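Below is one structure, written out as structure tokens; the observations come after it.
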Amino acid sequence: MPKIFTTLDKAKPAYDMAYKIVMVLCKLLLIADIVIVSFTVWGRWCQEWAHTYEFLSFLAVFKDPAWTEQIVLTCMSYMAVLSAALAIRTGAHIRMTAFDAMLPKAVVKVLDVVADVAVMVLAVIMLVVGWEYAVTLGSKGFYESIPWLSRFWMYLPVPLAGIAMIVFELEAVYNHIKSFFVEEEKKEGAA
């Protein structure tokens, strides 16, 4: 049985690459958020000071564009759901482990597989329903402050995160199933 696991373990670099891509995307979104919010604060500050003090009226040329808030919120929604997918891979999600020490290890492993399968079902729902919303509701609407930009981009993070969650859940389920056989083999070798 371990031979199949050594063969399947060759897919790990693909999972690593998917993780790196999602991580870089989250970092770029965070940088964009910070830059846009800083620009917004600067613009609002300049407007306030230009209206308050006559000698600073030249600051009125720096304005807070109307589109900044919606773009920041869209970037934040991408980061929220994509970072949830990253947390699946690292096992960083909040989970109930109060009874894990009292239950047999085999039961805990089975419950981990059940939990991962449930999250994978959620990920499939996110992918299917999220895509449906993105192409129906999203394609019909536009951002209020950016009339040429479709709301498709606002709904896209949900199916995108669904894909990432499915990929990382497949790896998690595989690792849980593998742990059943790898530990048994270690015990047999020790006997």
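The values are calculated or read from the model by the stated rules, or taken from the named source; none is laboratory data. This is a predicted model, so every value here is computed, not measured. Note that we place each Cβ from the backbone using ideal geometry, even for glycine, and neighbour counts take in every protein chain shown. For the accessible areas, the whole protein counts, side chains as well, though only heavy atoms, and no ligand, DNA or RNA atoms are used. Shrake-Rupley method; radii C 1.70, N 1.55, O 1.52, S 1.80 Å.
Observations on the model:
- Average accessible surface for the chain: 66 Å² per residue, computed with a 1.4 Å probe over protein heavy atoms with every protein chain in place.
- Inter-site label distance for Val35 and Ile177 at 7 Å from Cα along Cβ, in nm: 4.3
- Accessible area of segment 87-187 belonging to carbon and sulfur atoms, whole % at 1.4 Å probe: 73
- Each helix, a run of at least 4 DSSP H residues, gives -39500 (n - 2.57); summed and divided by the residues of the chain, these come to -27000 deg cm²/dmol at 222 nm.
- The chymotrypsin sites (Phe, Trp or Tyr not before Pro) found in segment 89-147 that occupy coil by DSSP, while having at most 13 further C-beta atoms within 10 Å, are Phe99.
- Cβ-derived FRET efficiency at R0 22 Å, Phe142 paired with Lys63, nearest 0.05: 0.50
- Cα Rg, Dmax, segment 84-130, angstrom units: 12.6, 39
- Applying both filters, DSSP loop and at most 11 other Cβ atoms within 10 Å, to the GluC sites (Glu not before Pro) of segment 84-191 gives Glu144.
- Theoretical gain in end-to-end length, Ala11 to Asp100 [0.36 nm per residue, Cα-Cα removed]: 29.1 nm
- For segment 1-84, the list of GluC sites (Glu not before Pro) that fall in a loop by DSSP and count at most 13 other C-beta atoms within 10 angstrom is empty.
- Residue-by-residue Karplus 3J(HN,Hα) for segment 143-150, coefficients 6.51, -1.76, 1.60, Hz, glycine and proline x: 4, 5, 8, 10, x, 8, 9, 5
- Sites Met76 and Val24 - FRET efficiency at Förster radius 30 Å, r taken between beta-carbons, to 0.05: 0.95
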